[in-house]
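Enquirer: There's a structure below that I have some questions on.
The values are calculated or read from the model by the stated rules, or taken from the named source; none is laboratory data. For clarity, every value in this text was computed on a predicted model and none was experimentally measured. Cβ atoms come from the backbone with ideal geometry, glycine included; neighbour counts cover every protein chain shown. Please note that ligands, DNA and RNA were not included when accessible areas were found on the heavy atoms of the full protein model with its side chains. Shrake-Rupley method; radii C 1.70, N 1.55, O 1.52, S 1.80 Å.
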Amino acid sequence: MYTTFNLTSMPLTIDTHHHMLPEFFFEATNEKANPVGGLKPQVWSIGASLAFMDELEIDIAVTSISTPGIELHDRIASKKLARKCNDFAAMLVSKYPQRFGALASVPMPNIDDAMEEVSYALDVLKLDGVVLFTNAQGIYLGDQRMKPLFNELQRRKATVFIHPNASPDTAAHALGITDNLIDFPGDTTRAIAQLHYGGTFAETPDVKYVFSHAGGTAPYLAGRFAIVDEMKIMGDSSVTGTSADTFRRLYWDTALAWTDPVLNHLRHIAGMDKVVFGTDFPYVRNDLAVKGKLRIKSNPDLSAEEKKQVFGCNALELFPRFDTVKINSK
């Protein structure tokens, strides 16, 4: 029984970056001795997720699959795996409706298959949004071939969580450096830049985008983006809006990005009303996740109201159905 703290005096805490890694998914997408990204996660189970949430006093976790997403080279296998993941996620939410939300997995990069699965996951299973990866088999989200998918997500006013993937550049993997150290943040930044300058963000004003790990290196490079805009290096921003406009619109999670410099960057480029709490379970060790949450709670630069926003209130803008969970839990 979850009785860790009293919601009448404490804010709702929502983990927006919480992976589910059922064995069938991990075996289909990762080599056990050589997991994607270079970091072997904890063994995942429903019980492990619930125990982690109780330890960190997390009320609700929004589950998503992790790298490399559903991008098997066999198209039919990808479709079957996406469907299996989404049915599993729906079962999880049905069994624990006050503890879990779920983001739909889509088979990429085939757009027709992706749109078909989006329809099933959101219309039939009623999942809470979609998880996409920065690139699938080298095709980035800002590619023109991805436009029909984003048009559909705009029509639905969907919440879209974007997670990094390994770079398709083989040179990036020949340096003896794990992808999760540099390349994952770099790939997130590449995706943000292409989605912005390619017009996708401007064409989907009603999509609510959440970028994992505080957007990779994008917050640090915000000043550089502004100079590029001022010099019109990437064209006239009258259509796309400026990068500063885009950064204020996006949401950014705190997974592996809970330190003071990162949060201060986010305060300036986006505002604390666009920062959401995330842990990256089960890839992060529990003790580090605890330290991360305490780091945010004890941050002297954040007001009590801002901490409430980060831990749960901002996520309610993305997942409004959780507001009933808060009411029912009191």
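Enquirer: List every DSSP H helix in the chain whose Cα atoms extend 24 Å or more along the helix's own long axis and whose mean Kyte-Doolittle hydropathy is at least -0.5.
Expert: 75-95
Enquirer: Starting from 0 in steps of 10 Å, tell me what percent of the Cα-Cα pairs of the chain lands in each bin.
Expert: Whole-percent P(r) values from 0 Å outward: 6, 27, 37, 24, 6, 0.
Enquirer: Quick one: divide the alpha-carbon radius of gyration of region 183-248 by 2.2 N^0.38 Å and tell me what you get.
Expert: Relative to the rule-of-thumb radius for its length, region 183-248 sits at 1.04.
Enquirer: Can you pull the Kirkwood radius for region 80-164, inverse mean 1/r over Cα pairs, to one decimal in Å?
Expert: Averaging 1/r across every pair of different Cα atoms and inverting gives 13.0 Å.
Enquirer: Quick one: 3J(HN,Hα) in Hz for region 123-135, Karplus 6.51/-1.76/1.60 with θ = phi - 60°, rounded, Gly and Pro as x.
Expert: Taking θ as phi minus 60°, the curve returns 8, 8, 7, 6, 6, 8, x, 10, 9, 10, 10, 3, 8 Hz for region 123-135.
Enquirer: Thinking of region 169-297 as a set of Cα atoms, what percent of all their pairs are more than 26 Å apart?
Expert: When every Cα pair of region 169-297 is considered, 26 percent fall beyond 26 Å.
Enquirer: Could I ask something else about it? Viscosity 0.890 mPa s, temperature 25 °C: Stokes-Einstein D of region 25-178 from its Kirkwood Cα radius, in µm² per second?
Expert: Estimated via Stokes-Einstein, D reaches 150 µm²/s.
Enquirer: Starting from the residue with the highest accessible area, list His213, His268, His19 in decreasing order, probe 1.4 Å.
Expert: Result, largest first: His268, His213, His19.
Enquirer: Another question, if that's okay. Once fully extended, how much extra length lies between Gln42 and Thr324, figured as 0.36 nm per residue of separation less the alpha-carbon to alpha-carbon distance?
Expert: Gain on extension, Gln42 to Thr324, equals 98.4 nm.
Enquirer: So, one more: Using a 1.4 angstrom probe and counting only protein chains, how large is the accessible area of Tyr140 in Å², to 10?
Expert: Probe radius 1.4 Å; accessible area of Tyr140 about 40 Å².
Enquirer: Another question about this same structure. If one puts a single equal scatterer on every Cα of region 21-84 and applies the Debye formula without solvent, what log₁₀ I(q)/I(0) results at q = 0.26 Å⁻¹?
Expert: -1.17
Enquirer: Taking 0.36 nm per residue of separation and subtracting the Cα-Cα distance, what length does fully extending Thr178 through Asp236 add?
Expert: Gain on stretching Thr178 to Asp236: 17.2 nm.
Enquirer: Tally the DSSP beta bridges in the chain and give the antiparallel ones as a percent, rounded to 5.
Expert: Of all bridge pairs located within the chain, approximately 10 percent are antiparallel.
Enquirer: I've got another one for you. In square angstrom, what is the accessible area per residue of the chain with a 1.4 angstrom probe?
Expert: I get 43 Å² per residue for this part.
Enquirer: How long, wide and thick is region 77-127, going by the Cα atoms along their three principal axes, in whole angstroms, largest first?
Expert: Taking the Cα atoms of region 77-127, the three principal extents are 34, 19, 13 Å.
Enquirer: Sticking with this structure for a sec: Counting each DSSP H run of 4 or more residues in the chain as -39500 (n - 2.57), what helix-only mean residue ellipticity at 222 nm follows after dividing by all residues, to the nearest 500 deg cm²/dmol?
Expert: That comes out to -12000 deg cm²/dmol.
Enquirer: May I ask you to derive the relative contact order of the chain, considering only C-alpha pairs under 8 Å and at least 6 residues apart, and to give it as an integer percent?
Expert: For the chain, the relative contact order is 20 percent.
Enquirer: So for region 132-232, Kirkwood radius off the Cα pairs, Stokes-Einstein at 37 °C and 0.692 mPa s: how many µm² s⁻¹?
Expert: For the chosen part, D equals 230 µm²/s.
Enquirer: Okay, next question. Using a 1.4 Å probe on the protein chains only, how many percent of the accessible area of the chain belongs to carbon and sulfur?
Expert: After summing per-atom areas, the C and S share lands at 55 percent.
Enquirer: With each label point set 7 Å from Cα along the Cα-Cβ vector, what nm distance links Gln137 and Glu116?
Expert: 1.5
Enquirer: Of the cross-linked pairs Lys147/Lys208; Lys84/Lys126; Lys208/Lys297, which ones have a Cα-Cα span greater than 22 Å in the structure shown?
Expert: Long pairs (Cα-Cα over 22 Å): Lys208/Lys297.
Enquirer: I need the trypsin sites (Lys or Arg not before Pro) found in region 12-90, filtered to DSSP loop residues with at most 15 other beta carbons within 10 Å of theirs.
Expert: Those that pass, being in a loop and sparsely packed, are Lys32.
Enquirer: Label point 7 Å out from Asp245 along Cα-to-Cβ: which residues of region 253-284 have amide N under 17 Å?
Expert: Under cut-off, by backbone N: 270.
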